[in-house]
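The structure appears right after this line, and notes come after that.
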Amino acid sequence: MILRWTIGCIAGLLIIAVTSPCFVRSYTPRVVQPQRNALTLQPGAEYRWRSEGYANTQIGPLGMPGASPPLPLNPSTVHLALWGDSQAEGVCVADDQKIAAQTHHLSAERIDVLPFARSGDDCNDWLPQITSLQRSSIKLDAHVFLLVEWSDWCQPVRQPSSITDQQFDWVAEQLPAFLIQATRNVLTTGTDNQFRRLRFRPGPITSNSSATAVAPAAVTEQPDQWTSRVAMLAVQLARLKHQTRLPCIFLYAPLSPAIINGDILWDDPDDDLFQAMQSIAAELGFDVVDLRHQMQQSVRTGKQWPRGFHNGQFGVGHYNAVGYRIISAALAAHPRLDALPLTSTANTVTAER
Amino acid sequence: MQFTQIEFLLFLALVLTIAWQCRQRHSRNLVLLLASYYFYSYWDYRFCGLLLFSTAVDFVVAKKIQTTPARRSKRCWLVVSLSSNLGVLGFFKYFNFFIESAAPLVQSLGWNPGTLDIILPVGISFYTFQTLSYTIDVYRGKIDATDSLLDFALYVAFFPQLVAGPIVRASELLPQLSGNVPHWSSRRFYGGFQMVLRGLVKKVLLADRLGEMVDVVFAGPELYDGWTVWLAVIGYAGQIYYDFSGYSDIAIGIAKMLGFRFPVNFRHPYLAGSVTEFWRRWHMTLSRWLRDYLYIPLGGSRHGSMRTAINLIITMLLGGLWHGAAWTFVLWGLWHGVALVVERWLRSLSGRASPFCLGHLSTLAVVGVGWVLFRCDSLQDCWLVVQQLVFWSPGIGWYPPLAIAAVGCMVADHIAWSTRLRRVMRLRFDRWYAPVVTTIMIACLILYAPRGFAPFVYFQF
């Protein structure tokens, strides 16, 4: 009987192991990418996302996710560097639906987008990478920033957050993804990925748990908080201006419209911050494209939600193929890019610190 | 403490270990009682007093009823029990509901009644019904009042069934508690473990997955197209069934692992061919409680068809109100009451039950509409859902694959249960597939559980 149960348990685990790639995301070790001077996923690896969206991503050269343009780049096309967080990274959608591929297609193959966006990054991570890239042989014509969450820019200046975690990389390389995921599920909480803390103390619980947390939209910002955010934004944009002479294009696509508690929220709660950013960007010579109207029109007329997935929830979460099409169309049609490529001059640009 | 928390699994392992080490009935029951009070205090220790109060009142009252020879005095003691139990339940559960419902009338008289900030004690509806059934059974002479306060306190607070049933009668559990310590049986322990595992799978992998979709659609049904709203309503039928039957399975399984036997609470209710049969398969311990302590005392079906209809409707109305202090629950009870009456009337006309398919489909339709009433927060929300179900207004077409798969599992589960596969589903220890399926279930619970915490639906009742 013991033998039967042992064999049976092994067989059950094997079935889970074999079927897990259909349902469990992959864990890929990260490597230091010398030209970007940043930690990226291993070039050539395939990255599976199995949560909100459900897609496989091919990791290209320089750790770029998706169908990146081949290196060396075609000198007759416009070369854009795309920066952003997970909203721009696009592991939730297939490679041919990511911003890079859609922009290339919508611009009649005139524009090549190099996707440098990475989940969890903010401006403190992008700016040093921009400097590194300018010292490399990569010829860029402009930088594009997908601005979805203000926390990516309203940050105090600090060192980049990329720190090599050799233990994690070893685990990701050696152990199957389902085992890592199972361990992670047991050890961490689902809501904020913090280490699970067990409570055996009798209730009631008086801590500010997630159940009592206020929805972000309902939080009223204090005037001094707003001023401090604008100040941080101004500092970071000035750093960017100092870092590069290439044209910079900001695509503003905030998390609206959104579905919160059964209601569609059309208004952007950070509109005043956007106005402030626009005026700072105008002073610094940056282009800002407001995509809010296009996103709203997509919902109002086409009933197509730019964010959300069937196996997640529409109106929340990451941008989907529809959202990326809107972003890509705006990028492909941007007038500043008509005058490009200027690779001969762009090549000579160096960072000034 | 919820059955799906890691803390509970550790607590259970400890309780099982200690309980099976106790060879004396008294010490074993004491361990289980302390564990049960700890289990309850994990939510809020202040309400242990309420549990103690209910226990003490019914223990004393039952003794008085037993020892008092005069019928009139017995009745007086019964009234004491009923009024104290229902008084506590009424205050904590229904005070604000009645105040709010009466507010328009009272305000028109120039008085503005306020509401109180009352916390509903977890499980109060369940343990109140258990203690009531004990006192009433003693009053009726069906059982003897117990002499052991420890046994009775454990009967009321026994942690597997304390907060969401099944509603176990004193005649079922007290003899087990006051008898000899059950003998260890690895076969029974394994059976209990399988029930717990099955309950966890039902709750975590099916109910919670369905709940992720259902909660969003019911929050704004007007945003979604007809297909999506239909999927959400079917999904809710699955969610509430797997949530509650999952809880019951875990409770029954834990009791079995401890050597006790609990009554079955669900028998695949969506296979029912009539609404009457549905109530014989859904929350069976509540149905028979309502039948024995409400419907039959009201007269049952003994006084003609009109009186039977009224009795049925009163019973179901109060059954609805038991679920929650809201008009939607009252309407849900009324809906089922009317359906039972109409079904009886149709049966009396034709003289036989309707053909299986017709009866089955009509039962599903009645139950489905009932779930809309049950799930919505207000009548306005119900109307919005019904509008989308009927008129198919355009909206977001959202078809989550996992929710659809969970609905598919529900259909497959019901079909399998009605065939010979029912035996296979028991996963007997000596079958070759038992370890394979058991491992897969445990692995799926760890790997594929939704990452947020979702309490059991019936905790709110």
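Quick look at the values:
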quantity: Test for B:G253: is it at pLDDT 95 or above and within 21 Å of the chain's Cα centre (by Cα); calculated: yes
quantity: All positions within region A:282-340 that are more than 13 Å from A:S256 (Cβ to Cβ) and among the basic types (K, R); calculated: A:K303, A:R325, A:R336
quantity: When residues of region A:32-57 are limited to those that are among the hydroxyl-bearing types (S, T, Y) and assigned to a loop (DSSP other than H, G, I, E, B), the one farthest from B:A449 (Cα to Cα); calculated: A:Y54
quantity: Index of the failed condition, A:L39 passing every other in (1) touching a residue at least 60 places away in the same chain (Cβ under 8 Å); (2) out of contact with any Ser or Thr (no Cβ under 8 Å at 6 or more places or on another chain); (3) not small (G, A, S); calculated: (2)
quantity: Number of the condition not met by B:D44 [criteria: (1) part of a helix (DSSP H, G or I); (2) closer than 20 Å to B:D151 by Cβ; (3) charged (D, E, K, R)]; calculated: (2)
quantity: Condition met for B:L379 (away from every other protein chain (no Cβ under 11 Å) and surrounded by fewer than 19 Cβ atoms within 10 Å (Cβ to Cβ)); calculated: yes
quantity: Tally, over region B:51-84, of residues that are more than 14 Å from chain A (Cβ to nearest Cβ) and closer than 26 Å to B:P455 by Cα; calculated: 2
quantity: Residue match in region B:366-374 (condition: more than 14 Å from chain A (Cβ to nearest Cβ) and exposed (fewer than 13 other Cβ atoms within 10 Å of the Cβ)); calculated: no
quantity: Residue match in region A:2-13 (condition: in a loop (DSSP other than H, G, I, E, B) and surrounded by fewer than 18 Cβ atoms within 10 Å (Cβ to Cβ)); calculated: no
quantity: Tally, over region B:425-443, of residues that are surrounded by fewer than 17 Cβ atoms within 10 Å (Cβ to Cβ), more than 7 Å from every other protein chain (Cβ to nearest Cβ) and part of a loop (DSSP other than H, G, I, E, B); calculated: 4
quantity: Test: residue in region A:58-74 that is within 14 Å of another protein chain (Cβ to nearest Cβ), in contact with a helix residue (DSSP H, G or I) (Cβ under 8 Å, 6 or more places away or on another chain), assigned to a loop (DSSP other than H, G, I, E, B) and of a type outside the set (F, W, Y); calculated: no
quantity: Boolean, A:L147 is without any contact (Cβ under 8 Å) to a residue 60 or more places away in the chain, over 30 Å from A:C22 (Cβ atoms) and touching a Pro at 6+ places or on another chain (Cβ under 8 Å); calculated: no
quantity: Top-ranked residue of region A:240-260 - restricted to ones that are surrounded by 20 or more Cβ atoms within 10 Å (Cβ to Cβ) and among the β-branched types (V, I, T), ranked as farthest from the other protein chains (Cβ to nearest Cβ); calculated: A:T244
quantity: Index of the failed condition, A:R110 passing every other in (1) farther than 21 Å from A:R292 by Cβ; (2) buried (at least 22 other Cβ atoms within 10 Å of the Cβ); calculated: (2)
quantity: Residue within region B:80-94 that is within 30 Å of B:Y42 (Cβ to Cβ), surrounded by 18 or more Cβ atoms within 10 Å (Cβ to Cβ), in contact with an Asp or Glu (Cβ under 9 Å, 6 or more places away or on another chain) and not hydroxyl-bearing (S, T, Y) present; calculated: yes
quantity: Top-ranked residue in region A:234-256 [being assigned to a loop (DSSP other than H, G, I, E, B) and over 18 Å from A:S132 (Cβ atoms); ranked as modelled with the lowest pLDDT]; calculated: A:S256
quantity: Yes/no for A:Q102 being assigned to a loop (DSSP other than H, G, I, E, B), among the polar types (S, T, N, Q) and touching a Ser or Thr at 6+ places or on another chain (Cβ under 6 Å); calculated: no
quantity: Any hit, region B:132-155, residues being basic (K, R), assigned to a loop (DSSP other than H, G, I, E, B) and more than 20 Å from B:L318 (Cα to Cα); calculated: yes
quantity: Those residues of region B:47-100 which are farther than 25 Å from B:L174 by Cα and among the acidic types (D, E), in sequence order; calculated: B:E100
quantity: Filter result (surrounded by fewer than 17 Cβ atoms within 10 Å (Cβ to Cβ), under 22 Å from B:F266 (Cβ atoms) and within 14 Å of chain A (Cβ to nearest Cβ)) within region B:401-424; calculated: B:A405
quantity: Residue in region B:385-407 that is in the same structural domain as B:D249 (by TED's automatic domain parsing) and closer than 30 Å to A:L3 by Cβ present; calculated: no
quantity: Meets criteria (touching a residue at least 60 places away in the same chain (Cβ under 8 Å) and buried (at least 23 other Cβ atoms within 10 Å of the Cβ)) for B:L149; calculated: no
quantity: Test set (1) within 13 Å of another protein chain (Cβ to nearest Cβ); (2) in contact (Cβ under 8 Å) with a residue 60 or more places away in the chain; (3) under 20 Å from B:V201 (Cβ atoms) - B:F39 fails condition number; calculated: (3)
quantity: Subset of region B:244-289 (residues that are surrounded by fewer than 24 Cβ atoms within 10 Å (Cβ to Cβ) and acidic (D, E)); calculated: B:E277
quantity: Qualifying residues in region A:1-17 (those that are of a type in the set (A, V, I, L, M) and more than 7 Å from chain B (Cβ to nearest Cβ)) - the one farthest from the chain's Cα centre (by Cα); calculated: A:M1
quantity: Residue that is surrounded by the most Cβ atoms within 10 Å (Cβ to Cβ), among those in region B:159-181 that are modelled with pLDDT under 90 and within 19 Å of the chain's Cα centre (by Cα); calculated: B:G165
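Residue by residue, here is whether (1) farther than 30 Å from A:E52 by Cα; (2) buried (at least 19 other Cβ atoms within 10 Å of the Cβ); (3) of a type outside the set (A, V, I, L, M, F, W, C) holds:
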{"position": "B:H183", "(1), (2), (3)": "yes, no, yes"}
{"position": "B:V201", "(1), (2), (3)": "no, yes, no"}
{"position": "B:E212", "(1), (2), (3)": "no, yes, yes"}
{"position": "B:F218", "(1), (2), (3)": "no, yes, no"}
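Each row is one residue, and each column tells you yes or no for (1) within 29 Å of B:G179 (Cα to Cα); (2) outside any helix (DSSP H, G or I); (3) assigned by TED's automatic domain parsing to the domain that holds B:I442; (4) among the hydroxyl-bearing types (S, T, Y).
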residue	(1), (2), (3), (4)
B:G199	yes, no, yes, no
B:Y236	no, no, yes, yes
B:I240	no, no, yes, no
B:I252	yes, no, yes, no
B:R261	yes, yes, yes, no
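Yes/no matrix, rows are residues, columns are (1) touching a residue at least 40 places away in the same chain (Cβ under 8 Å); (2) closer than 17 Å to B:G191 by Cα:
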{"site": "B:H414", "(1), (2)": "yes, no"}
{"site": "B:S418", "(1), (2)": "yes, no"}
{"site": "B:R422", "(1), (2)": "no, yes"}
{"site": "B:M441", "(1), (2)": "yes, yes"}
{"site": "B:I446", "(1), (2)": "no, no"}
{"site": "B:P455", "(1), (2)": "yes, no"}
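The values are calculated or read from the model by the stated rules, or taken from the named source; none is laboratory data. Quick caveat: nothing in here was measured; it's all calculated off a predicted structure. Virtual Cβ from ideal backbone geometry, glycine too; neighbours counted across all protein chains shown.
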